[in-house]
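Notes for the one structure printed next.
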Amino acid sequence: MKFQAQDLLELPKFKTALEYRDKFTFGNEKLDSILKLHLDDIIGIFGDTRHTNTFLTRLVVRSLLPRNHGGADAKNVIVIDSDNSSNPYLYVDFARRWGMHYKNVLHKVLVSRQFTIYQLANTIIYNLPNSIHLHKPNLIVITGWLDQFCQDPYIRTAEAESLVSQIVTALHKIKNVFIVLTSRMTDRQIVFPALSRIEIRAKKEFDETKLNLSIYNNSRLKKVSIMEAELRID
């Protein structure tokens, strides 16, 4: 009996444990083809607050979707808002676009606002572990995490670098949670541990805004451009 090559049984395809972990996606093919985001990952999103907030809110709401709809079936999300940028109306907008009840989304997004550098550092280093134990989030967001350090005219660079290093060290100790940090782009250089990150630079083109993204992931740089409107639609 002769068999054609296509009739032979293919070898089974195995997946690594990494591939079976909860995945976090933006629901945008250009981004998701570059970034493979899982629990225990930490990523920074840098750019104008308007744009980082859109990226972030899309990611947060999408994480609450069931896994078979592209989400991570997250039970809760903790948002530490240090730049007063959290926008409940944007959460509602994305929730409605994906057929989710907006009250359920808002109930699962737990927001804490911090107004000083020292409040922020204390919350992350000392209070956050207890909040994780209580609420069991799959995703933690810290908005404007570098902005306060750059805006405070009285803090010394060495002190700022020390606090930032302590914060990042504390975040790396957190397990089974995906962490996202956002900040505005700044000319002031603060040395801090390297992170995978997205840098957003907006460019106006006629009546639309084009977002040029520099994505640093696994020590590699990839660039991609998307229109701002793409982030606000499915």
* Structure fact -> Given the conditions (1) surrounded by 18 or more Cβ atoms within 10 Å (Cβ to Cβ); (2) in contact with a helix residue (DSSP H, G or I) (Cβ under 9 Å, 6 or more places away or on another chain); (3) among the hydroxyl-bearing types (Ser, Thr, Tyr), every one holds for Tyr118 apart from (1)
* Structure fact -> Pairing a residue in the range 208-234 that is touching a residue at least 60 places away in the same chain (Cβ under 8 Å) with any residue that is acidic (Asp, Glu), where Cβ atoms lie under 6 Å and the two sit 6 or more apart in sequence or on different chains, gives Leu211/Glu228
* Restricting the range 30-52 to residues that are part of a helix (DSSP H, G or I) and either farther than 19 Å from Leu64 by Cα or hydroxyl-bearing (Ser, Thr, Tyr) (or both), the residue that is modelled with the lowest pLDDT -> Lys30
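Does His51 count as surrounded by fewer than 21 Cβ atoms within 10 Å (Cβ to Cβ) and either within 13 Å of the chain's Cα centre (by Cα) or farther than 20 Å from Ala229 by Cβ (or both)?
Working: surrounded by fewer than 21 Cβ atoms within 10 Å (Cβ to Cβ): no; either within 13 Å of the chain's Cα centre (by Cα) or farther than 20 Å from Ala229 by Cβ (or both): yes.
Answer is no for this residue.
Only residues that are out of contact with any Asp or Glu (no Cβ under 7 Å at 6 or more places or on another chain) and over 19 Å from Val177 (Cα atoms): list them for the range 28-50, please.
So in the range 28-50, the residues out of contact with any Asp or Glu (no Cβ under 7 Å at 6 or more places or on another chain) come out as 29-37, 40-45, 48, 50.
Result: Glu29, Lys30, Leu31, Ser33, Ile34, Asp48, Arg50.
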* **Filter result for the condition that a residue is within 30 Å of Gly71 (Cβ to Cβ), among the hydrophobic types (A, V, I, L, M, F, W, C), at pLDDT below 90 and outside any loop (DSSP other than H, G, I, E, B), over Val141, Val164, Val168** => Val168
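Considering each residue of the range 135-154, count those that are within 23 Å of Thr49 (Cα to Cα) and more than 23 Å from the chain's Cα centre (by Cα), and give that number. Before the answer, list the steps.
Let us first name the residues in the range 135-154 that are within 23 Å of Thr49 (Cα to Cα), namely 139-153.
This time we only want the ones that are more than 23 Å from the chain's Cα centre (by Cα), so: 152-153.
Adding up the residues that qualify gives 2.
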* Asked: Any idea which of (1) buried (at least 17 other Cβ atoms within 10 Å of the Cβ); (2) at positive phi; (3) among the polar types (S, T, N, Q) is the one Asn176 doesn't satisfy?
  -> (1)
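The values are calculated or read from the model by the stated rules, or taken from the named source; none is laboratory data. Computed from a predicted model, the values in this text were never measured in an experiment. Cβ sites come from the backbone with ideal geometry, for glycine too, and all protein chains shown count toward neighbours.
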